[in-house]
Amino acid sequence: MKKHISLFLFLLCGVTAIGADPLILNVQSAVTLALKQNNELESSALDLEKARYQNENSWNFMLPDFSIDGSVSDSTGIFDSSVGNKISISGSFSSSVTFDGTGRYYREYDESAYELQSLSYESDKLQLETDVRKAFYYLIAHKQSLILTEKNLELAEKRWRQTETKFESGLVSELEVLEAQSTYENLKPAYTTADMEYSTEMMIFKTLLGIGFDQTVELEGTVDVEILDLDEESLITTFLESSPDVQSARKSVDIYETLLNIEKAADFAPSVTLSLNYSASNSDVFNDDWTDSASVTAAVSVPLNGYLKGSEEDVALSDAQKSLEQARLNYEQVLQESEKEIRTLLLQIRGYQKNMELCETALTISQKTYEATEKAYNLGATELLNLEDAQNTLFSAQQDLLTSQYNYISAVLDLQLALNASSDEISAAVSR
């Protein structure tokens with residue numbers, strides 16, 4: 001009976017797995033899912049949480065150090081039997097706190113480090129959104145390419161079958177049949193390769209979404225191109241400082257300024273230490289003979305090594321100053337690189353837009369040429385080779401248009417990432 005129940009459960013699980021509904025996604029739902037489940041983004045969120053907790057508790061430099069010590073000892077005579085056992089006990093409590101000039105700067109450092117980590121998290125989030133959108137549209141374009149390839153394959157097979165029929169009727173030679181069959185067979189590897197590439201890209205896409213490879217995914221969407229009106233100078237003036245890389249580089253300058261202030265305070269500012277000590281002891285716990293003492297101490301320390309050229313403190317201060325200079329230079333370099341990236345993307349977008357226009361014209365001409373050649377072939381006015389050439393030209397034109405459309409969308413997504421702005425924000429900035 002148990003075997004029958006186990007078999008029934010196994011079959012039920014199998015039917016459930018086979019009949020599981022596919023995950024249907026559009027571009028926005030794919031982004032939403034990735035933001036919830038992507039492992040790398042979750043790791044970045046944990047880094048942000050650590051920085052947040054450190055910043056919220058940056059006041060703890062004012063918290064005193066506390067310690068409690070205690071001991072118990074048992075003593076007795078070894079050669080003198082008149083000496084009885086004595087158990088002694090002692091304990092102490094101490095607390096100390098140091099105030100120096102570094103405290104306020106450590107709080108500034110923790111706050112800046114948290115803000116930098118926040119920028120890093122937002123940058124990771126924007127990058128993930130961009131990667132998911134680009135992967136989504138790539139898969140949509142690749143799927144459409146597969147459909148075009150399949151249709152091209154079907155046309156080649158249809159042409160082969162038609163040629164066979166004409167051969168049987170004595171209208172064409174056997175060579176034409178072989179040529180038509182060869183064309184059909186030669187198209188099969190391209191379709192198999194494209195199908196394999198689609199499956200590989202789908203696995204990468206699932207990794208971005210944080211879902212299992214066994215989950216069936218169906219995508220809803222098309223490669224719709226929204227042509228943007230872009231003005232180079234307006235976009236750079238409005239959004240350059242908003243670039244995630246620029247913001248991070250600017251915040252790094254703040255951090256190195258704080259580190260320099262910490263080094264100066266540690267090397268030159270005096271410190272005050274307050275300490276409290278209390279101790280109590282009893283040489284024999286069997287006698288009520290306790291002794292105790294308490295002390296409060298205030299100590300002032302003034303560092304002097306910072307004034308000595310070549311000292312460890314002087315070298316550390318020099319390093320901190322140079323690190324700040326490097327951070328400022330890095331900010332200027334990042335600013336320049338970001339501007340170059342924006343200008344490059346704008347050039348690419350204009351190029352892809354022009355390519356789309358050319359591809360649309362070529363597709364229109366190729367479509368008309370193919371239809372005319374097919375009509376002529378059916379009437380016996382042209383050869384099969386000419387029809388196959390027209391079909392291949394039409395297929396290439398369709399693929400070229402699809403590729404140029406995806407390239408345009410991908411470049412626009414990269415531009416939005418570089419500017420840290422949506423399409424609406426970009427359009428609004430240009431129309432001002």
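Just a few scattered comments:
- Each principal axis of the Cα cloud of the chain was evaluated for its coordinate range; sorted largest first, these ranges are 134, 79, 38 Å.
- Near Ala30, once Lys and Arg are set to +1 and Asp and Glu to -1 for all other residues with Cβ below 13 Å from its Cβ, the sum equals 0.
- In the full protein context, the chain carries 61 Å² of accessible surface per residue, based on a 1.4 Å probe and ignoring ligands, DNA and RNA.
- Hz values of 3J(HN,Hα) by residue in the range 397-408 - Karplus curve (6.51, -1.76, 1.60), Gly and Pro given as x: 5, 5, 5, 5, 5, 4, 5, 5, 5, 5, 4, 5
- With R₀ set to 41 Å, the beta-carbon distance separating Ile24 from Glu232 gives a calculated FRET efficiency near 0.55.
- Histogram of C-alpha separations across the range 191-242, 10 Å bin width, %: 18, 27, 20, 26, 9
- Extension gain, Ala381 back to Lys143 (0.36 nm per residue minus Cα-Cα distance, nm): 82.1 nm
- Accessible heavy-atom area order of Thr102, Thr238, highest first, probe of 1.4 Å: Thr238, Thr102
- Descending Cα extents along the principal axes, the range 327-400, whole Å: 75, 17, 10
- Residue-wise HN-Hα coupling along the range 198-203, computed from phi with Karplus coefficients 6.51, -1.76, 1.60 (Hz; x: Gly, Pro): 4, 5, 5, 5, 5, 5
- Couplings 3J(HN,Hα) of the range 261-267, computed from phi: 5, 5, 5, 5, 5, 5, 8 Hz, in residue order, whole Hz [Karplus 6.51 cos²θ - 1.76 cosθ + 1.60, θ = phi - 60°; x for Gly and Pro].
- Using R0 = 41 Å, the C-beta based FRET efficiency linking Asn330 and Glu154 works out to 0.10.
- Among residues other than Ser94 with Cβ under 14 Å from its Cβ, the summed charge is -3 (Lys and Arg +1, Asp and Glu -1).
- Taking Lys and Arg as +1 and Asp and Glu as -1, the other residues whose beta-carbon sits under 13 Å from that of Val315 total -4.
- Available extension along the chain between Val302 and Leu46 is 88.2 nm, counting 0.36 nm per residue and deducting the alpha carbon span.
- Listed residue pairs exceeding 26 Å between alpha carbons, taken from Lys251/Lys340; Lys143/Lys375; Lys36/Lys134: Lys143/Lys375
- One decimal place: the segment Ile87-Val72 gains 4.7 nm when fully extended, by the rule 0.36 nm per residue minus the C-alpha distance.
- R0 of 41 Å, Cβ-Cβ distance Ala428-Met196: FRET efficiency to nearest 0.05: 0.40
- Accessible-area composition of the chain, carbon plus sulfur, in percent [1.4 Å probe]: 54
The values are calculated or read from the model by the stated rules, or taken from the named source; none is laboratory data. The model shown is predicted, which means the values in this text are computed figures rather than measured ones. Cβ coordinates were reconstructed from backbone atoms using ideal geometry, including for glycine residues, and neighbour counts include every protein chain displayed. These area figures cover heavy atoms from the full protein model, side chains too; ligands, DNA and RNA do not enter into them. Shrake-Rupley method; radii C 1.70, N 1.55, O 1.52, S 1.80 Å.
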